[in-house]
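Here is the structure we will look at, set down as structure tokens.
The numbers here are math on the coordinates, done by the rules we state, and not lab data. The structure displayed is predicted, hence computed values, not measured ones. With ideal geometry, Cβ positions are generated from the backbone for all residues, glycine too; neighbour counts draw on all protein chains shown.
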Amino acid sequence: MGVAVLQARLIESREIAPEIRHFVFEVPEVEQLPYLPGQFVSFSGMFNDKKITRAYSTASPPWRNRFELCLNRVQDGFFSPYLFDMQPGATVDVKGPLGHFVLKNPANDSIFVATGTGIAPFRSMLHAHLETNPDRQFTLVFGVRFEPSLLYRAEFEQLAKNYPNFLFLPTLSRPTEEWSGLKGHVQQHVIETLGERRDMDVYICGMKAMVDDLRLKLKELGLDRRQIIFEKYD
């Protein structure tokens, strides 16, 4: 049996950074849309008489029949410009949520590593798991080029204040002189955060080049492949 195709109806979308929007969808056909934080939904539609399918990570913990997404507009793309132009009430075909990019159960002390919209699954995981894992330490290393692109920054800063087991490390590769936080690429800061420990899990989501580079560095340090959980996109 295949996965059922449902209709996702747009509730709202708002710009949260240049060319990046946060979307809220609901699936009216079901009362509950069960999924694990970090899983993705699969959208499909017809563009120029061709069926296009795209997978997007959920950016929210499960709540009734709703899910949230964080997407950037791909200039030459089909699906993202379509979604950016969608008006509340419009629908799109959806399957899922699906996928295995989820927190281990039981969880270990973990480093979450994201660049750009790769932050989406970690927003989902943190909101769902921080409270239920008070004895586990979670660190989020989030890299973008410019400060205005630190998606959900206020949210993560508030979570860090509320939960002693959460550390938020925003990183800019093109900082201004006023920036006093971490600079450069996420890879070096993940290695520094890991330090001498080899008992942590590292979850990575972002562009292929960053994911592959960091995976190689972590393996060279002696981490087992089962400790490196990743999802990449281009």
Going down the table (K50/K183; K50/K219; K104/K208; K104/K217), which pairs top 32 Å between alpha carbons? K50/K183; K50/K219
Length-normalised contact order of the range 126-234 in % [C-alpha pairs under 8 Å, at least 6 apart]: 21
FRET efficiency, 1/(1 + (r/R0)^6) with R0 22 Å, evaluated for R225 and D199 via beta carbons: 0.90
Please report M200, M210 as a ranked list, fewest other C-beta atoms within 10 angstrom at the top and most at the bottom. M200, M210
At a 10 angstrom cut-off on C-beta neighbours, averaged per residue, how do the peptides 29-39, 175-185, 152-162 rank from highest to lowest? 29-39, 152-162, 175-185
Rounded to the nearest 5, the percent of DSSP beta bridges in the chain running antiparallel is 55
Could you list the square roots of 5 times each eigenvalue of the Cα gyration tensor of the chain, that is, the equivalent ellipsoid semi-axes, sorted largest first and rounded to whole Å? 30, 20, 17
Rounded to the nearest 10 degrees, the helix 120-129 long axis (Cα) sits at an angle to the longest Cα principal axis of the chain of 70
Using alpha carbons only, how many degrees (0 to 90, rounded to 10) separate the axis of helix 208-220 from the longest principal axis of the chain? 30
Set the Förster distance to 35 Å, then compute FRET efficiency between V5 and T176 from the Cβ-Cβ distance, nearest 0.05. 0.15
Give the lysines whose C-alpha is closer than 16 Å to that of K51, dropping any in the same chain fewer than 8 places away, or say none. K95
Given R₀ = 25 Å, what would the calculated FRET efficiency be for D93 paired with F146, taking r from the Cβ atoms and rounding to 0.05? 0.15
Percent RCO, i.e. relative contact order, over the chain, from Cα pairs under 8 Å lying at least 6 residues apart: 18
Hey, rough spin-label estimate for D49 and H127, points 7 angstrom out along Cα→Cβ, what's it come to in nanometres? 4.2
Express in nm, to one decimal, how much length is gained between D213 and L167 on full extension, taking 0.36 nm for each residue of separation and deducting their alpha carbon distance. 14.2 nm
Near V102, within a Cβ-to-Cβ distance under 13 Å, what is the net charge of the other residues, with Lys and Arg +1 and Asp and Glu -1? -1
Convert each backbone phi in the range 148-165 into a coupling constant with the Karplus relation 6.51 cos²θ - 1.76 cosθ + 1.60 (shift: θ = phi - 60°), then list the ³J(HN,Hα) values in order as whole Hz, x for Gly and Pro. x, 8, 6, 5, 6, 4, 4, 4, 5, 5, 5, 4, 5, 6, 7, 10, x, 8
Inter-centroid distance (Cα atoms) of the range 137-165 relative to the range 1-44, Å: 23
